[in-house]
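A quick write-up on the structure given underneath.
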Amino acid sequence: MGKTSKDKRDLYYRRAKEEGWRARSAYKLLQLDQEFNILKNVSRVVDLCAAPGSWSQVLSSKLGSSAKIVAVDLQPMTPIDNVITIQADITHPKTLQQILQQFNGELADFVCSDGAPDVTGLHDLDEYIQHQLVWAAMQLTTCILKPGGCFVAKIFRGKDIDLMYSQMNKFFNKVICAKPKSSRGTSLEAFIVCLGYKPIPNWVPQLNLNQSTDEFFEGVLGGEERLMVEFISCGGDDAIDSDATYNLDLDKVSLDPIQMPTAPPYKKALELKRKGELVRREIK
Ligand SMILES: C[S@@+](CC[C@H](N)C(=O)[O-])C[C@H]1O[C@@H](n2cnc3c(N)ncnc32)[C@H](O)[C@@H]1O
């Protein structure tokens, strides 16, 4: 799709370039904050799965230089003012040590994860992998979030999401499912907003290299109870509709993205193609 046609189809995409955000996702965090005030009185934050960095940009601009913001992603990130970037896998226990070192033993007020694995198009599989990523984020969160702190993560609202609501509910005073207006209505994407962290009594979360996420939470998550939680659409009545196509003024020029991807997965494919080594595999 050409840049101009994407500009028309997706006004958040265009506005992000005009306003200097690296990705349109910035508006999701801005709209979540508008609704829940999650960045109020926050001075230590962990932004998991942060590349290319638009959430970190929002955190940096809202919290200023007195806050400690640590951003983690598998991909390298171009530096952002007031943000410490760590290139690491959030599912790896060593990543926790790297984050903790930055906080000098203090706990975080807020942890967020906008993590998304590469989508396969197989809905059940995508939902399962996304679910695992949220629990990996939650594993870190139980080790670094202060009591009373807040956790926000991207979820796919599939058929088993009520199980996750019930499990998260054990750790927080309130769990809400939020859909920012900048998240397309046609997508299953939403955000789980977990307010008021309450550590499980007599359970000491400890990350261990030889333990799976299931083993980490063993005995803590409980059975198969399910829970419906409040669903809130956020962004305000005047927010742009992310599923609508808008006409652009005739004199509008198409802008380049603020930050080109540092290590896009297609880079390797392009290299292989140049060398004539790209082969098409049949999917059975
Ligand atoms: C939708 S993007 C995040 C966008 C980001 N919030 C922003 O505003 O720019 C999802 C990110 O999740 C990262 N990711 C997926 N699995 C990860 C993992 N296991 N560890 C760290 N990052 C991961 C991907 O590398 C990708 O950059």
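Could you check the spin-label model distance between residue 170 and residue 204? Points 7 Å from the Cα along Cα→Cβ, value in nm.
2.0 nm
Take the alpha carbon atoms of segment 183-232, find their center, do the same for segment 133-169, and report the distance between the two centers in whole angstrom.
3 Å
Collect residues whose amide H, placed 1.01 Å from N in the peptide plane, falls under 5 Å from the amide H of residue 184; neighbours closer than 5 in sequence don't count.
none
Ranked from the most accessible area to the least, with a 1.4 Å probe and all protein chains present, what is the order of 186, 141? Let's see the in-between values first.
Working: 186 120, 141 0 Å².
My answer, sorted largest first, is 186, 141.
Give me the extension gain from residue 97 to residue 267: residue separation times 0.36 nm, minus the current Cα-Cα distance, reported in nm with one decimal. The partial results should precede the final answer.
Values: separation 170, 0.36 × 170 = 61.20 nm, distance 3.08 nm.
The residue 97-residue 267 span can extend by a further 58.1 nm.
What's the local net charge at residue 262, with K and R +1, D and E -1, over the other residues with C-beta under 12 Å away? If you can, show how the numbers build up before the last one.
Values: positive: 22, 267; negative: 73.
Computed value for this residue: +1.
Taking 7 Å along the Cα-to-C-beta vector as the label spot, tell me the residue 277-residue 123 distance in nanometres, rounded to one decimal.
Computed distance between label sites residue 277 and residue 123 equals 3.9 nm.
List the trypsin sites (Lys or Arg not before Pro) in segment 70-171 that DSSP assigns to loop (not H, G, I, E or B) and whose Cβ has at most 10 other Cβ atoms within 10 Å. Which are they?
Filter output for segment 70-171: 159.
Let me have the 222 nm mean residue ellipticity of the chain computed from DSSP H runs of 4+ only, each contributing -39500 (n - 2.57), with the sum over all residues rounded to the nearest 500.
Numbers: 9 runs with 91 residues, N = 284.
Helix-only estimate at 222 nm: -9500 deg cm²/dmol.
Can you flag which of 159/268; 17/159; 62/198 are past 32 Å Cα-Cα? Let's see the in-between values first.
Details: 159/268 35 Å; 17/159 35 Å; 62/198 26 Å.
The pairs that break the limit, which is 32 Å between Cα atoms, are 159/268; 17/159.
Given a 10 angstrom Cα cut-off, can you work out which residue in 173, 210, 202 is the most mobile in a GNM of the chain?
Between 173, 210, 202, it is 202 that shows the largest mean-square fluctuation.
Picking from 146, 68, 267, which is most flexible by a Gaussian network model of the chain using Cα springs under 10 Å?
267
Roughly how much of residue 15 is accessible, in Å² to the nearest 10, using a 1.4 Å probe?
90 Å²
Please give the Cα centre distance for segment 44-88 versus segment 11-38, rounded to the nearest Å.
Between the Cα centres of segment 44-88 and segment 11-38 lies a distance of 15 Å.
Write out the chymotrypsin sites (Phe, Trp or Tyr not before Pro) in segment 172-263 meeting two conditions: DSSP loop, and at most 15 other Cβ atoms within 10 Å of their Cβ. Before the final figure, lay out each step's value.
Working: sites: 172, 191, 197, 203, 216, 217, 231, 246; in loops: 203, 217, 246.
Loop-located and lightly packed - 203, 246.
The values are calculated or read from the model by the stated rules, or taken from the named source; none is laboratory data. Since the model is a prediction, treat every value here as computed from it, not as a measurement. Neighbour counts run over all protein chains shown; Cβ positions are idealised from the backbone, glycine included. Ligands, DNA and RNA are excluded from the accessible area calculation, which covers all protein heavy atoms including side chains. Shrake-Rupley method; radii C 1.70, N 1.55, O 1.52, S 1.80 Å.
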